[in-house]
Amino acid sequence: MLRFEEALTRILALGTPVLPAERVAIEELDGRVLAEDLVARADLPGFDYSAMDGYAVRTRDLAGEPPLRLPVRGESRTGAVPDALEASSAMRIFTGGALPAGADAVVMQENVTRDGDVAVLTARPRPGQNVRRRGDDLAAGAIAIARGTRLRPAHLALAAALDDADVPVSRRPEVAILATGDELRRPGTDAVPGTIPESNTVVLRAMARRAGARARALPFVRDERAATERAFAAALAEADVVVTVGGVSVGDHDLVRPALEAVGVTLDFWRVAMKPGKPLAVGRFARSDRRDAIVLGLPGNPASAAVTFALFGVPLLRAMQGDLRPFPARRRARMTRAHAHDPGRLELARATVTYGEDAQLGVTTLGNQASGAVTTMAQSDALVLIPAESTGVPAGAEVDVLLLGDLSG
Ligand code: AMP
Ligand code: MG
């Protein structure tokens, strides 16, 4: 059996070559991965401006002790370029207004009283006070956002502030999801005895989308060899990643492996030493016109499908987009209750998270860890990593956790 870390390394290697870049408008960038360093073409901010409503002054005009009296000449407001500051005068200025040439400080209006046309300053300003200097935030030529960054809302603001209307990001991977099984029917349709509502494709599709992919679910595939091969061949011709779910173990009706091999997929079948999610089929399908398609054959049990896709599928999709941190950071947390574990496989125990009074993360593993449970992924916030060799974790022990939110939900 493969260790989890080894399986993850191998999966991430399938992320290269990275998908080609395309320019995308800033409004649509959330979650996309930057394909080239974003370099500031100009200083940010682009000119000196006032951080306050008040009066722009030249500090060396101000001799003697406060109160200091200066005649008010002119005004600087946002959106306009002011005249230069006249010698020994103050200029009315508003937040965001350009600092007039000759001025070196802004006195906030709370520290000024007006005596007709004269501003009376109750305190002496320091040079540079209340002024935001050109280039303070970022100098022209500096890297604003590094290649391989998965863009969050704040990055969109930075690109906009740098005057970039669009930026190069890797194209979205195209993902096709195929559920297999004679028992499956669409949720909300006739409950024929022996059938179950199909519940894996919706979760996988939503996770894939959050990982930046364009994902669609194809019609369910019956446990019948010829139909399975036809469906796989069609999906492999189109998608960058084909995700199958169910039928991947060793039962008589588990046709996924032979069918993938029959249509030309070079398959690595792995038994990964993890729980849930032991059987996993991973493969490549060579195409003359494009990057190889990648195949992920996931187990059908709902918790196994969701956990294996979160841990392998999501990082793969991120890596294909050039994300330099495709796998989330582990966090430390304290167990609020004991958790039993038989040595052998890494357990990814579904758990809820709490923040204690000491601001430490607490985790409580759920009672039902069955791979067939559909409830528990929805009830959990995190997966606790219980090492393969562990003989059980006592209450109060520190453990590593992965937050499901970091794994795209
Ligand atoms: P399999 O991996 O095909 O052996 O299926 C394992 C278990 O998961 C069986 O109980 C299946 O009925 C169930 N299962 C498989 N695929 C799905 C699916 N797409 N939605 C809900 N349950 C499924
Ligand atoms: Mg099945």
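Place +1 on the Cβ of every Lys and Arg and -1 on the Cβ of every Asp and Glu in the chain, take the dipole about the Cα centre, and give the residue among P187, Y355, Q369 whose Cα lies farthest towards its positive end.
So the residue we want is Q369.
Could you size up the charge dipole of the chain around its Cα centre, putting +1 on the beta carbon of Lys and Arg and -1 on that of Asp and Glu, and report it in debye to the nearest 20?
Computed charge dipole of the chain: roughly 340 debye.
Which residues' amide hydrogens lie under 5 Å from the amide hydrogen of R32, considering only partners 5 or more residues apart or on another chain, with H built in the peptide plane?
Placed amide hydrogens put L151 under 5 Å from R32.
Determine the gain in length on full extension of the stretch A397-R210; use 0.36 nm per residue of separation and subtract their C-alpha separation, reporting nm with one decimal.
Stretched out fully, the A397 to R210 stretch lengthens by 64.1 nm.
What number, in percent, do you get for the relative contact order of the range 331-401 if the mean sequence gap of Cα pairs under 8 Å and at least 6 apart is divided by its residue count?
The value is 50 percent.
Sequence-distant or interchain residues sharing an amide H contact under 5 Å with D182, placed H: which?
HN-HN under 5 Å from D182: D223.
Set the Förster distance to 35 Å, then compute FRET efficiency between A338 and M1 from the Cβ-Cβ distance, nearest 0.05.
After rounding to 0.05, the efficiency reads 0.85.
Can you pull the one-decimal nm distance between simple spin-label points at V118 and E183, each 7 Å off the Cα toward Cβ?
Each label point lies 7 Å from its Cα, and together they span 9.2 nm.
Could you work out the helix-only [θ] at 222 nm for the chain, with each DSSP H run of four or more residues adding -39,500 (n - 2.57) and the total divided by the number of residues, to the nearest 500 deg cm²/dmol?
Value at 222 nm, helices only: -5000 deg cm²/dmol.
How are the C-alpha pair distances of the range 287-409 spread across 5 Å bins, as whole percents from the shortest bin up?
For the range 287-409, the pair-distance distribution reads 2, 11, 19, 21, 19, 13, 8, 4, 2, 1, 1, 0.
Which order do the peptides 71-83, 243-255 take when ranked by the mean count of other beta-carbon atoms within 10 Å per residue, highest first?
243-255, 71-83
Can you check how the C-alpha radius of gyration of the chain compares to 2.2 N^0.38 Å, as a plain ratio?
1.39
How much length is gained if the chain between T95 and R284 is pulled fully straight, taking 0.36 nm per residue apart and subtracting their Cα-Cα distance, in nm to one decimal?
Going from the current span to full extension adds 62.3 nm.
Working out 0.36 nm times the residue gap between A142 and V192, then minus their Cα-Cα distance, what length gain in nm do you get to one decimal?
Roughly 11.7 nm would be gained on extension.
Measuring from centroid to centroid over Cα atoms, what is the spacing of the range 283-322 and the range 83-102 in Å?
Answer, in whole Å: 60.
I need the peptides 184-197, 327-340 ranked by packing, meaning the mean over residues of other C-beta atoms within 10 angstrom, with the highest value on top.
Descending mean neighbour count gives 327-340, 184-197.
Values in this text are rule-based calculations from the coordinates and carry no lab data. None of these values were measured; they are calculated from a predicted model. Glycine gets a Cβ as well: all are built from the backbone with ideal geometry, and neighbour counts include every protein chain shown.
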